[in-house]
Amino acid sequence: MIKSGVDLRGLSPQMAIAYTIATKCYGQYDCVITSANDSKHGPNSLHYMGQALDLRTRHLNEQGLQAVFHKLKEALGEQFDVVLEADHLHLEWQPKDKPIHPEER
C-alpha cells in the first residue's frame, strides 16, 4: 500500500525489490509506504536519490515491530540499511563496498 501523496518517481529498482520483500516480512500486517522521494529529509538523504523508503509502524505492537524489523534486516542483507526510527522503519539501498554519492548519479 502507498500513503496518499507519496512520490515514487525516480525510485530505484532496488527499492521496488525491497518493498516486495518487506510485504512478506510484514506478514499479516499492512506494509504501507509513507515516504519515498517526497517529504522532508536530511540534506544528504538517499530518499532524494530514489534509494530509500519509509514504512508505517504505528499499527504494530512492540513484539510485531521487533519481529518485522529483524526479518527485514535478515531478508534484505548487507546491501540495505534497515533503521528503526521513532515512528517508522527506514529502508535504504547502500552497498557497503561502494558508497553512493549524489555526484555519481
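Okay, here's what the table says:
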| quantity | calculated |
| --- | --- |
| Positions within the range 22-72 being surrounded by 20 or more Cβ atoms within 10 Å (Cβ to Cβ), over 18 Å from A86 (Cα atoms) and small (G, A, S), in sequence order | A22, G50 |
| Some residue of the range 91-98 being among the aromatic types (F, W, Y), free of Cβ contacts under 8 Å to residues at least 40 places away in the same chain, surrounded by 11 or more Cβ atoms within 10 Å (Cβ to Cβ) and not in a helix (DSSP H, G or I) | no |
| Answer residue from the range 73-83, given it is of a type in the set (A, V, I, L, M) and touching a residue at least 24 places away in the same chain (Cβ under 8 Å) and is surrounded by the fewest Cβ atoms within 10 Å (Cβ to Cβ) among those | A75 |
| Pair list, Cβ < 7 Å and 6+ apart or interchain, from the range 1-14 residues that are touching a residue at least 40 places away in the same chain (Cβ under 8 Å) to residues that are among the hydroxyl-bearing types (S, T, Y) and crowded, with 17+ Cβ neighbours inside 10 Å | K3/T34 |
| Count of residues meeting criterion [under 13 Å from the mean Cα position of the chain (by Cα) and free of Cβ contacts under 8 Å to residues at least 12 places away in the same chain] in the range 21-40 | 1 |
| Residues being touching a residue at least 40 places away in the same chain (Cβ under 8 Å) and in a loop (DSSP other than H, G, I, E, B) - total across the range 50-70 | 2 |
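Conditions (1) at pLDDT 90 or above; (2) in a loop (DSSP other than H, G, I, E, B), marked per residue:
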site	(1), (2)
S4	yes, yes
L11	yes, yes
A16	yes, no
Y19	yes, no
K24	yes, no
D30	yes, yes
N37	no, yes
G42	no, yes
Y48	no, no
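The values are calculated or read from the model by the stated rules, or taken from the named source; none is laboratory data. Please read these numbers as outputs of a predicted model, since none were measured by experiment. Glycine gets a Cβ as well: all are built from the backbone with ideal geometry, and neighbour counts include every protein chain shown.
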